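Peer 1: Just passing along the structure, written as structure tokens.
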Amino acid sequence: MEPKDIFSLTPRTVRKLTKRMFPRVKLTISSNMLPGVDIYGGKTGPEGLILLCENDWADGCGRIRLSICDGASDHRMVQYYDPDTLVRDFEMEARRREGKG
């Protein structure tokens, strides 16, 4: 897969993606970001999971990166989604786990 140009991640896209798994979570855009960097964050509750949804600003992979973690540990689940269809990209996830992409 060829890297695409960095795309803008809108609040509407973030809501459509995250409401599938966490219908009540509210993500807000991080402030003081550089131009082209879109990072939305939120929690499922006071002691809940932490979600980060971001565009491909770091590596230009052309995918939305959704990170889900427990605030008490360093372990993180990372999923990649196509920005046009919001379909999960299992191949990208496998390449990242293997350190190839």
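The values are calculated or read from the model by the stated rules, or taken from the named source; none is laboratory data. Fair warning: this is a prediction, and the values are worked out from it, not measured in the lab. Here the Cβ positions follow ideal geometry from the backbone for every residue, glycine too, while neighbour counts run over all protein chains shown.
Peer 1: Could you please give the count of residues in the stretch 69-84 that are under 16 Å from THR18 (Cβ atoms) and either in contact (Cβ under 8 Å) with a residue 24 or more places away in the chain or out of contact with any strand residue (DSSP E or B) (no Cβ under 8 Å at 6 or more places or on another chain) (or both)?
Peer 2: Number satisfying all stated conditions: 2.
Peer 1: Let me ask you something else. Contact list please: Cβ distance under 7 Å, first residue in the stretch 13-27 and without any contact (Cβ under 8 Å) to a residue 60 or more places away in the chain and assigned to a loop (DSSP other than H, G, I, E, B), second residue surrounded by 19 or more Cβ atoms within 10 Å (Cβ to Cβ) and not aromatic (Phe, Trp, Tyr), pairs at least six apart or on different chains.
Peer 2: If the second residue must be surrounded by 19 or more Cβ atoms within 10 Å (Cβ to Cβ) and not aromatic (Phe, Trp, Tyr), the pairs left are PHE22/LEU51; VAL25/THR18; VAL25/LEU51; LEU27/VAL14; LEU27/THR18; LEU27/LEU51; LEU27/CYS53.
Peer 1: Out of ARG65, ARG96, which single residue is modelled with pLDDT of 90 or more, surrounded by 13 or more Cβ atoms within 10 Å (Cβ to Cβ) and either of a type in the set (Lys, Arg) or in a helix (DSSP H, G or I) (or both)?
Peer 2: ARG65
Peer 1: Among the residues of the stretch 41-57, are any in contact with a helix residue (DSSP H, G or I) (Cβ under 7 Å, 6 or more places away or on another chain), within 21 Å of GLU91 (Cα to Cα) and either surrounded by 18 or more Cβ atoms within 10 Å (Cβ to Cβ) or modelled with pLDDT of 90 or more (or both)?
Peer 2: First pass over the stretch 41-57, keeping only residues in contact with a helix residue (DSSP H, G or I) (Cβ under 7 Å, 6 or more places away or on another chain): 51, 53.
Of the ones still in play, those that are also within 21 Å of GLU91 (Cα to Cα) are 53.
Adding the requirement that they be either surrounded by 18 or more Cβ atoms within 10 Å (Cβ to Cβ) or modelled with pLDDT of 90 or more (or both) leaves 53.
Looking for residues that are in contact with a helix residue (DSSP H, G or I) (Cβ under 7 Å, 6 or more places away or on another chain), within 21 Å of GLU91 (Cα to Cα) and either surrounded by 18 or more Cβ atoms within 10 Å (Cβ to Cβ) or modelled with pLDDT of 90 or more (or both), one finds at least one in the stretch 41-57, hence yes.
Peer 1: Shifting gears a bit: Do you know which of the residues in the stretch 68-92 that are polar (S, T, N, Q) and loosely packed, with under 12 Cβ neighbours inside 10 Å is modelled with the highest pLDDT?
Peer 2: Residues of the stretch 68-92 polar (S, T, N, Q): 73, 79, 85.
With the extra rule that they be loosely packed, with under 12 Cβ neighbours inside 10 Å, the set shrinks to 73, 85.
Working: SER73: 81, THR85: 94.
Residue satisfying both the conditions and the ranking: THR85.
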